[in-house]
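The values are calculated or read from the model by the stated rules, or taken from the named source; none is laboratory data. As the structure is a prediction and not an experimental result, all values here were calculated from the model. Cβ sites come from the backbone with ideal geometry, for glycine too, and all protein chains shown count toward neighbours.
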Amino acid sequence: MEEKAETTAVTDEGLGALEGKYLTFALGKEEYGVGILKVREIIGLMDITPVPQTPAYVKGVVNLRGRVIPIIELRAKFNMESKKFDDRTCIIVVEVEGAAGSIQVGMLVDSVSEVLNIQKEQIEPPPVFGSTRLDTENILGMAKLKNEVKILLDVDRVIGKEGALEHFEIDAEDPDADQ
């Protein structure tokens with residue numbers, strides 16, 4: 001009798017839903033992609049105001065044209081070695097779903113690469129590592145392009161209401177929360 005490793009069931013239809021345009025960016029030697037429809041803008045590094053008592057990956061907030069935007073350092077969020085910011089370091093502002101609705105959040109990345117149109121045939125499900133329990137819930141799929149692999153991130157899981165956003169949520173039922 002043959003035993004099959006447990007996998008996340010990703011059907012052809014599921015992979016087809018991942019087809020589309022992705023903004024790719026670098027963190028160290030790895031390339032990642034986020035759906036272009038989640039991206040609002042890309043900005044250069046600016047002064048970030050630290051917020052006390054937040055996790056290490058929450059760098060703080062910025063004032064972007066009158067809106068306070070939380071900034072998440074993806075290197076720290078993914079437990080990667082820290083790196084000094086340089087002239088290629090930038091912030092990708094994405095819109096994710098929070099408990100109280102849509103919110104814009106900045107992702108601090110090493111550099112932005114390009115926008116790619118990724119076809120269904122180029123996408124595979126997240127890898128399975130046997131019995132080792134690795135957190136691949138943040139990964140939508142793996143895009144195979146030429147001799148490279150781009151990790152397609154589920155930005156809602158990384159940053160949204162299931163991710164880092166919980167530290168910035170305002171209780172929607174508390175009328176004094178924004179005063």
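Looking only at segment 54-68, residues that are assigned to a strand (DSSP E or B) and closer than 21 Å to D86 by Cα come to 7 in all. Within segment 76-99, residues that are under 19 Å from G44 (Cα atoms) and touching a residue at least 24 places away in the same chain (Cβ under 8 Å) sit with their Cβ atoms under 8 Å from residues that are among the basic types (K, R) and assigned to a strand (DSSP E or B), at 6+ positions apart or across chains, in these pairs: V93/R40; V94/R40; E95/R40. Taking segment 14-53 as the range and being assigned to a strand (DSSP E or B), of a type outside the set (G, A, S) and more than 18 Å from V109 (Cα to Cα) as the test, only K21 passes.
Could you tell me whether segment 140-157 includes any residue that is under 16 Å from the mean Cα position of the chain (by Cα), within 19 Å of V51 (Cα to Cα) and either of a type outside the set (D, E) or modelled with pLDDT under 90 (or both)? No, there is no match, as no residue in segment 140-157 is under 16 Å from the mean Cα position of the chain (by Cα), within 19 Å of V51 (Cα to Cα) and either of a type outside the set (D, E) or modelled with pLDDT under 90 (or both). Residues in segment 87-127 that are within 16 Å of the chain's Cα centre (by Cα) and outside any strand (DSSP E or B) were compared, and the one that is modelled with the lowest pLDDT is P126.
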